[in-house]
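The values are calculated or read from the model by the stated rules, or taken from the named source; none is laboratory data. These numbers were taken from a predicted model, which means no experiment stands behind them. Methodologically, a virtual Cβ is constructed for each residue, glycine included, from the backbone with ideal geometry; neighbour enumeration extends over all protein chains shown.
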Protein chains: 2
Amino acid sequence: MKPTPMSELARRARDASRSLRTLSTRDKNVALLAMAASLREHRQTIETANGHDRRADMPAPKKDRLRVDVNAIAESLDAIAKLPDPVGGCEVRKPEGEFELKRKRVPLGVILMIFESRPNVTPEAGALCLKSGNAAILKGGSEARHTNEAMMRAMEGTFPAGAIQLVSGGHDEISELLGLDELIDLVIPRGGEGLIRAVAEQSRIPVLKHYRGNCHVYVDANAELDMAYRIVENSKCQRPATCNAAEKVLVHRDVAREFVPRLAELGVELRGDEAARKLLEMKPATEEDWAEEYLDLVLGVKVVGSLDEAIDHIEQYGSHHTDAIVTADKTNAERFLDEVDSATVLWNASTRIADGGLFGLGAEVGISTDKLHARGPMGLEELTTYKWVVEGRGNLRE
Amino acid sequence: MKPTPMSELARRARDASRSLRTLSTRDKNVALLAMAASLREHRQTIETANGHDRRADMPAPKKDRLRVDVNAIAESLDAIAKLPDPVGGCEVRKPEGEFELKRKRVPLGVILMIFESRPNVTPEAGALCLKSGNAAILKGGSEARHTNEAMMRAMEGTFPAGAIQLVSGGHDEISELLGLDELIDLVIPRGGEGLIRAVAEQSRIPVLKHYRGNCHVYVDANAELDMAYRIVENSKCQRPATCNAAEKVLVHRDVAREFVPRLAELGVELRGDEAARKLLEMKPATEEDWAEEYLDLVLGVKVVGSLDEAIDHIEQYGSHHTDAIVTADKTNAERFLDEVDSATVLWNASTRIADGGLFGLGAEVGISTDKLHARGPMGLEELTTYKWVVEGRGNLRE
C-alpha cells in the first residue's frame, strides 16, 4: 500500500502511541500544564483567528457555538492534569495455576475524534487522549479552521511529537482515515445523529456512538406528585438541548386527572395522546412524536394504564439512553430499574442526573449509547483497555 | 420495513431477551440441566442424524470435525449450570451527589453466533448465552445441518421460547441478519480469518473478532536456556493448531550460538533468518513468514541484537494476541510486559497458558483480538454489559 498524507499522519500517531503507552503520569501532567500555559500566552492570536471564523454574516447561534474562551479551555486542561491517571491500575486475579496473573489498564492506542463547530473540543479532546496515554487525531469542522490551527500552533512543542494532530480536509480524508483499522483503534464522532450514522456505516474501525436520547419520565400511580412535577420540570427544562433531557412523560391513569393539568405550568409545548388531551388542551401527538428527540422545549405526554404499559412503551419507542420512574412503591421501582433496558435508569431523580461529572467519573468524555465497551456516561477509563500479564516460573500447559 | 423470516426470527429473539433479562439464576440452571438431560435422552437420534452429515466420501479430518459426542456436550452444559451467574453483580459507586449509584451487570440482549463445522457449538453456545441472560441466534454450517437440527429438536421445550434459535440458510440470510442492528446486539463469528473478516466488513452490528495469533517467544540474553527450550517446545508443539500456539522464536544474539542448534530437537520445520541459518541448517524465512500464522508444526526463527529489536519486530509483524519473554532479568521482563501491545504478555511462561480456563474465567467463550469491550481470553462476563442505576430522593440537576 502506497503511503498517503493520511496514512503517514496515522503512522506518526501510531509511532507516538508507543511512547505514550509508558509515559509517566508526571510527564503527562507536565505536558498538560504546558499546553494550558501556552494557550494563555497566545490568547490574543487565538482570539484574532477566532474572529476570522466568526464571520459577521453568520447567524447568531452559529457564531456563538464558534466562540472560543481561551481561559476556560486552559482551566479545563489544568483540571484534566489533576485527574487520576486511568492507566496502570492492576486487578490481581488468582487462577488455580502457579503463576501470577494481573489485568492491567493500558491505553487503547490511537483515537480519531471527529467533531463539528465548538473549537474548544480540539485542545480538550487532545488533552483527554494524552492523559489516557492515547495518540489523538482530531478532525475538526472547517468552520472552525482558523481557531483550531491557531490553538495547535500555540501548543506546538508542549506535548510529545505526533501525540496530538489536527486534520484539515474534507470527506475524502475522513473516508480514508476510517479505513485505516491497522493504525487507528477507535473512532469517536461527536455531533448530530447524521454524522454519527455516516461514520458508523463507513468505518472499519470500531466506533463509539453517542446517538439520541429519547428519555422518559414515568409518573407512577403511587408517585408523590410534587416531587414528580419537579423531576419532570428539571428533566425537561433545565437544559433542553442535551441528550439526557426528558422528551416524554408517561402518566399513570390513576393520577392523570390531577397531574396532567399541572404540566401547563411548565410553559413548554405539549403534545399528548387522546387521554391526555381530555385533561388539558394540547396538540395531538403523532406516531412519529413518540420516537422523536426534540432537543427543545417540547414534551410528549401519554397516559398509561399500568407499569407494564409504561415499560412496553419505553421498550418500543425509547432510545435506551436514560429513563426515570417517580414512585413511592419500591416493588414498582425495582421492576422499572430491572426491566427497562437503558444505559441509565433512575428512581425519583431527574434524567439530567445521568452525567459523568455527577457520577464521579471526572472528565465527561461523552454518553455512550452503545452496549459494548462503554455504556452511558464515559470517563477517562473508557478511553483505555486492559492487557493480561502473566508472571511465571517456567509454566507450561499440560 | 416489511417483516421477513429473518427479521421475525430476530424479533422473537428480542422478545425472549426481555424475559431472559430478569430470569433467576435458578431458572436458568434448571433449563440448562434439562437441556443436558434431553440431549442424553435423544442420544441415538442425534447420532443417527450425525451419521447423515458425516458422509462416507468425506476426507477423514472433516469427518472428524463433524463428529458429535453427546455425553461430552451434556457434561459441558451441566458444567455451565454450575458456573456463577455473570448477571446481577453490582458495583457501588459513591459520587458527591445525594443519591445512590450502582453499576449493575446485565445481559447484552441478543447475540448472533456464526460458526462452521463442529456441531457441539450449537448447544454449548446456546447454553453460554442462556446462562448470561442473552437470547441466542445460532447460524451453524450447512455441513452439520442434520446434527444441529436433531439437537435443537431434542432440546425443544427445555428453555424459554425464542431463547435459542437455529438458523439454516446461507449467505443471504447471514447478510440480512447482519443488517438488523436494531434487534441484535452483538455478533460473534467463530472460524477462519476469512469468515471473520467477511462478517466484520458487512455487519452493522458490533462484531467481537477472534483473528489470528502470530505469537512470539523471545529468548533474552539472560534467559535460563533449559527453561527457554521447554517454553518454546510447549508453546509450539503442545497443540500447534490453536491461536495461542507460538509461531516465531526470537533469540538474543548472545545466546543464539548455544540456543538455536537445540531447536533441531523440536522436530518441527524451522524457517530462519540469515543469522539463524548460520547456526543450524533450516529453510530461509521470507518476509511473509514473519507475519504468518502457521497453525502447524512450523516455527520461524530470528536472531535479534537487543530487547528493543525484539519488541520492534513484534510490533511490526505480530498480531497483538499473545507474546512471551524468557529472561532472568526483571528490568527487561518489565519493559517487555509494558511495551509489547498484546492482549496477553507472559514472562517465563508458555504462550499456551493464555486460556480462559487457566485464567479462572470458567467457560472459555473465545480469545478476543479486539481492544474494545473484551481483550484476550473471554468468559461469561464478557457476554454482559452494565447499566447505571440511580436511586434518588427527588434529586434535580442544578
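Descriptive notes on the structure:
- Every listed requirement among (1) out of contact with any His (no Cβ under 7 Å at 6 or more places or on another chain); (2) farther than 23 Å from B:G376 by Cα; (3) exposed (fewer than 14 other Cβ atoms within 10 Å of the Cβ); (4) of a type outside the set (V, I, T) is met by A:E91 save one, (2).
- For region A:373-398, a residue qualifies if it is under 30 Å from B:S235 (Cβ atoms) and more than 7 Å from chain B (Cβ to nearest Cβ), and the qualifying residues are A:T384, A:E398.
- Any hit, region A:237-251, residues being acidic (D, E) and assigned to a strand (DSSP E or B): yes
- Count of region B:179-195 residues, restricted to those that are buried (at least 22 other Cβ atoms within 10 Å of the Cβ) and over 14 Å from B:A13 (Cβ atoms), is 2.
- Flag not set for A:A223, criterion: of a type outside the set (F, W, Y) and in the same structural domain as A:G126 (by TED's automatic domain parsing).
- Members of region B:298-308 that are touching a residue at least 12 places away in the same chain (Cβ under 8 Å) and surrounded by fewer than 16 Cβ atoms within 10 Å (Cβ to Cβ): B:G305, B:S306
- Conditions (1) under 30 Å from B:F336 (Cβ atoms); (2) touching a His at 6+ places or on another chain (Cβ under 8 Å): number failed by A:L83: (2)
- Only listed residue being charged (D, E, K, R), within 14 Å of chain B (Cβ to nearest Cβ) and surrounded by 14 or more Cβ atoms within 10 Å (Cβ to Cβ), chosen from A:R103, A:R54: A:R103
- Any hit, region B:86-97, residues being within 14 Å of chain A (Cβ to nearest Cβ) and touching a Cys at 6+ places or on another chain (Cβ under 6 Å): no
- The residues of region A:360-398 that are among the basic types (K, R), buried (at least 21 other Cβ atoms within 10 Å of the Cβ) and farther than 21 Å from A:G109 by Cβ, listed by number, are A:K371, A:R375.
- Residues in region B:252-293 that are β-branched (V, I, T) and not in a helix (DSSP H, G or I): B:V268, B:T286.
- Filter pass, A:T158 being more than 21 Å from A:A241 (Cα to Cα), in the same structural domain as A:L32 (by TED's automatic domain parsing) and without any contact (Cβ under 8 Å) to a residue 60 or more places away in the chain: no
- Restricting attention to region B:354-372, the residues that are on the phi > 0 side of the Ramachandran plot and more than 7 Å from every other protein chain (Cβ to nearest Cβ) add up to 2.
- Qualifying residue in region A:63-86 (condition: touching a strand residue (DSSP E or B) at 6+ places or on another chain (Cβ under 8 Å) and in the same structural domain as A:C129 (by TED's automatic domain parsing)): yes
- Test: A:V345 is modelled with pLDDT of 95 or more and within 27 Å of the chain's Cα centre (by Cα): yes
- In the set B:E339, B:E315, only one residue is out of contact with any Cys (no Cβ under 8 Å at 6 or more places or on another chain), surrounded by 18 or more Cβ atoms within 10 Å (Cβ to Cβ) and of a type in the set (D, E, K, R); that residue is B:E339.
- Evaluated against (1) more than 8 Å from every other protein chain (Cβ to nearest Cβ); (2) surrounded by fewer than 20 Cβ atoms within 10 Å (Cβ to Cβ); (3) over 24 Å from B:K209 (Cβ atoms), B:L295 falls short on exactly one condition, (3).
- One residue alone among A:H210, A:H146 is within 30 Å of B:G394 (Cβ to Cβ), more than 14 Å from chain B (Cβ to nearest Cβ) and in contact (Cβ under 8 Å) with a residue 12 or more places away in the chain, and that residue is A:H210.
- Qualifying position, being of a type in the set (K, R) and out of contact with any Lys or Arg (no Cβ under 7 Å at 6 or more places or on another chain), among A:K62, A:K104, A:K131: A:K62
- Scanning region A:314-352 for residues that are among the aliphatic types (A, V, I, L, M) and at the interface with another protein chain (Cβ under 7 Å from one of its Cβ atoms) yields a count of 5.
- Flag for B:V268 being within 14 Å of chain A (Cβ to nearest Cβ), over 13 Å from B:V326 (Cβ atoms), buried (at least 16 other Cβ atoms within 10 Å of the Cβ) and within 32 Å of the chain's Cα centre (by Cα): no
- Extreme residue, nearest to the other protein chains (Cβ to nearest Cβ), among residues of region B:6-49 that are of a type in the set (G, A, S), surrounded by fewer than 19 Cβ atoms within 10 Å (Cβ to Cβ) and over 14 Å from B:G126 (Cβ atoms): B:S19
- Taking every residue in region B:229-247 that is within 11 Å of chain A (Cβ to nearest Cβ) and pairing it with any residue that is among the aliphatic types (A, V, I, L, M) and in a helix (DSSP H, G or I), at least 6 positions away or on another chain, the pairs with Cβ-Cβ distances below 7 Å are B:E233/B:L266; B:C237/B:L266.
- Residue in region A:221-229 that is assigned to a strand (DSSP E or B) and crowded, with 16+ Cβ neighbours inside 10 Å present: no
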